[in-house]
1. Considering only the stretch 137-159, how many residues are within 12 Å of LEU76 (Cα to Cα) and not aromatic (Phe, Trp, Tyr)?
2. If a residue must be surrounded by fewer than 18 Cβ atoms within 10 Å (Cβ to Cβ) and either of a type outside the set (Gly, Ala, Ser) or farther than 17 Å from SER65 by Cα (or both), how many such residues does the stretch 145-159 contain?
3. Could you give me the residue pairs with C-beta distances under 6 Å whose first residue belongs to the stretch 108-136 and is more than 18 Å from ILE75 (Cα to Cα), whose second residue is not charged (D, E, K, R) and not in a loop (DSSP other than H, G, I, E, B) wherever it lies, and which are 6+ apart or on separate chains?
4. Would a scan of the stretch 13-20 turn up a residue that is free of Cβ contacts under 8 Å to residues at least 24 places away in the same chain and of a type in the set (Gly, Ala, Ser)?
5. Quickly run through the stretch 149-159 and pick out the residues that are touching a residue at least 40 places away in the same chain (Cβ under 8 Å) and over 9 Å from LYS83 (Cβ atoms).
6. Go through the stretch 73-96 residue by residue and tally those that are part of a loop (DSSP other than H, G, I, E, B), in contact (Cβ under 8 Å) with a residue 60 or more places away in the chain and surrounded by fewer than 17 Cβ atoms within 10 Å (Cβ to Cβ).
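Any read-out appearing in this document is the output of simple, stated calculations on the displayed coordinates, not a laboratory observation. Since the model is a prediction, treat every value here as computed from it, not as a measurement. Backbone-built Cβ (ideal geometry, glycine too); neighbour counts: all protein chains shown.
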Amino acid sequence: MGNKEGYRRVVASPKPLKIIEIDLIRSLSKKGIVICCGGGGVPVVTRSGKIEGTDAVIDKDLTSSLLAVETNSDILLIATNVKKVKLNFMKENEIDLDSLSLDEAKKYLEEGHFLEGSMKPKIVSCVEFLEKGGKKAIITSTNKIMEAIKGKAGTVIYS
């Protein structure tokens, strides 16, 4: 696809199925803070019993949800560029959401309130996390993370 800045290569964006280094991540997390799965991780496939890189982009939010589930985390926090999840985003009747239940999140997803490539993958990731045993998910801006952890900012999604 051409534009003023050049061309973009379109590649698949498959759902992450497994975090290959999960045992190492679990081990390291017992010793301190671990930074992992950046940008969704490196996309790989298994061919003839060997792991190979592949042309794809792994969704960072879905990877974060998978990581939180695989490490038995109670809370999933997704940092983004907005302070709270909104209904009717950028419309006159825009509403900030302080919290919403898992059922409400699913309902709003079904009704199309969240855009693909924007808030939708974040909400889908939170829903998957909660359905797999997580206690709560938080979505907030990067500069509100500490406040959100203390319950003073962001949107909390609960089961």
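1. Of the stretch 137-159, the ones within 12 Å of LEU76 (Cα to Cα) are 137-140, 145, 148-149, 155-158.
Cutting the leftovers down to not aromatic (Phe, Trp, Tyr) gives us 137-140, 145, 148-149, 155-157.
The number of residues fulfilling the criteria is 10.
2. Narrowing the stretch 145-159 to residues surrounded by fewer than 18 Cβ atoms within 10 Å (Cβ to Cβ): 145-147, 149-152, 158-159.
Those left that are additionally either of a type outside the set (Gly, Ala, Ser) or farther than 17 Å from SER65 by Cα (or both): 145-147, 149-152, 158.
So the count comes out to 8.
3. The qualifying pairs are LEU109/ILE123; HIS113/LEU87; PHE114/ILE123.
4. no
5. Taking the stretch 149-159 first, the residues touching a residue at least 40 places away in the same chain (Cβ under 8 Å) are 149, 153-159.
Answer for the stretch 149-159, where residues must be touching a residue at least 40 places away in the same chain (Cβ under 8 Å) and over 9 Å from LYS83 (Cβ atoms): ILE149, VAL156, ILE157, TYR158, SER159.
6. The initial filter retains those residues of the stretch 73-96 that are part of a loop (DSSP other than H, G, I, E, B), namely 73-74, 81-84, 88-94.
Checking which are in contact (Cβ under 8 Å) with a residue 60 or more places away in the chain leaves us with 73-74, 81, 83-84.
Checking the rest, the ones that are also surrounded by fewer than 17 Cβ atoms within 10 Å (Cβ to Cβ) come to 74, 81.
Adding up the residues that qualify gives 2.
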